[in-house]
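Trainee: To start, I am sharing the structure in question, which I have written as structure tokens.
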Amino acid sequence: MIRFSTEQALLIHSYLIEVSGGAEGLMVKAALESALRAPVQTFGG
């Protein structure tokens, strides 16, 4: 499985904003980190 670090996700986000337009920045860093960790979390540890 390919896993992105927070820094990689932010870099991809910045690139997409530059190419397609939109608002730069991040509202809640903890929400991004949680979303990036979700696929690797398991039931029961």
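Readers should treat all values here as calculations from the given coordinates under stated rules, not as data from a laboratory. As the structure is a prediction and not an experimental result, all values here were calculated from the model. No Cβ is skipped: glycine too gets one built from the backbone with ideal geometry, and neighbour counts run over all protein chains shown.
Trainee: Could you tell me which GluC sites (Glu not before Pro) in the chain are loop residues by DSSP with no more than 11 other beta carbons within 10 angstrom of their beta carbon?
Mentor: On the way: sites: E7, E18, E24, E33; in loops: E24.
When the GluC sites (Glu not before Pro) of the chain are filtered for loop state and at most 11 Cβ neighbours within 10 Å, E24 remain.
Trainee: Please report L16, L32 as a ranked list, fewest other C-beta atoms within 10 angstrom at the top and most at the bottom. Before the final figure, lay out each step's value.
Mentor: Working: L16 11, L32 16.
Ordered by Cβ neighbours within 10 Å, fewest first: L16, L32.
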